[in-house]
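The values are calculated or read from the model by the stated rules, or taken from the named source; none is laboratory data. The shown structure was predicted, so the numbers you read here are calculated from the model rather than taken from an experiment. Using ideal geometry, Cβ is built from the backbone for each residue, glycine included, and neighbour counts are taken over all protein chains shown. Just so you know, the surface numbers come from the protein's heavy atoms only, side chains and all, with ligands and any DNA or RNA stripped out. Shrake-Rupley method; radii C 1.70, N 1.55, O 1.52, S 1.80 Å.
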Amino acid sequence: MIREEHGTVCAEARAERMARAARTATAVGGRARQPALPDPVPGPGMDAVQVFRVLRRQWRLTTALITVLLALCAATVLVVPVQHRVTGVLLVLTQPGPEGGNPYAQVDRAQAQAAALVVTVLNAPRTRAELAAAGATGDIEVSNEDGQLAEDSPFLTVTVTAVESAAALRTSAIVIDRAREELVRRQDASGVAQGERVEFSEVLPADLATTTRASQLRAVVLVFGLGLIAVIGGVVLVDRVRASRSTTAPDARPQRNQYSR
């Protein structure tokens, strides 16, 4: 009787130990089989915070691409040359008649119309081709508009931007001479008598070239803006590819069961 009770107790103890060992092995094996959760794959509608997290997570790649972008900006500054700008201002005045008079005191609509006519002719494609054939180079701007004056003012502004200062000075002289010739030719064709003609008077001579870095600044801003978009897009794409690979790749580690030692 005692032996049977002792055997029963031993059997229950062995069964309890085996059940405990099975639960322990299952818990350990379950933890071993659970893969580490990867970072969420960035979606198409990412905000600034998510983009910053991706850039920080891929900081090595981000640093390398930003370094390349800064090098490209520096190279752009070296490649794009400094330009020179020359500005001349002319004023349309009416010639004094036989009795004389003050031409600066005679202001009417005809002076603004004459300036607008010359601006239209000088901005025409055919005139630009003729100016280029005469030796004009660079960027030529001709206007009679001023923020402080009326839309059609008697002031004619000629601005030339070129790589070399000598080219800018030469081109401004060619454009101003053509403006004077155009005004004289139009009045000769119309038979305007002396004393009733309008002519250009030089207000600011186009004899001083100043340096400008506007072209460099535009080029650097363009390169940096496009490069920054490419850097962010490339880093996000690489991060997305790496995240998708980590979720689809099988676990290379061998699985241990409860019977392995």
(message) Can you go through V92, V119, V86 and tell me which one is of a type outside the set (D, E, K, R), part of a helix (DSSP H, G or I) and modelled with pLDDT of 85 or more?
(response) V119
(message) All but one of (1) of a type outside the set (D, E); (2) more than 30 Å from T212 (Cα to Cα); (3) open to solvent by 30 Å² or more (accessible area, probe 1.4 Å) hold for Q111; state the number of the condition that does not hold.
(response) (3)
(request) Mind counting the residues in the stretch 202-225 that are in contact with a Leu (Cβ under 8 Å, 6 or more places away or on another chain) and either part of a helix (DSSP H, G or I) or under 24 Å from T67 (Cα atoms) (or both)? (result) 2
(message) Any residue in the stretch 195-224 that is within 19 Å of H84 (Cβ to Cβ) and open to solvent by less than 50 Å² (accessible area, probe 1.4 Å) sitting within a Cβ distance under 9 Å of a residue that is outside any loop (DSSP other than H, G, I, E, B) and of a type in the set (K, R)? List the pairs, counting only those 6 or more apart or interchain.
(response) A209/R85; T212/R85; A214/R85
(message) Looking at E130, E141, E145, E182, can you tell me which residue is more than 29 Å from the chain's Cα centre (by Cα) and open to solvent by 80 Å² or more (accessible area, probe 1.4 Å)?
(response) E130
(message) Quick test of your reading of the structure: G135 fulfils all but one of (1) open to solvent by less than 60 Å² (accessible area, probe 1.4 Å); (2) without any contact (Cβ under 8 Å) to a residue 60 or more places away in the chain; (3) on the phi < 0 side of the Ramachandran plot. Name the failing condition by number.
(response) (3)
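Taking into account only those residues within the stretch 151-166 that are polar (S, T, N, Q) and not in a strand (DSSP E or B), which is surrounded by the most Cβ atoms within 10 Å (Cβ to Cβ)?
S153
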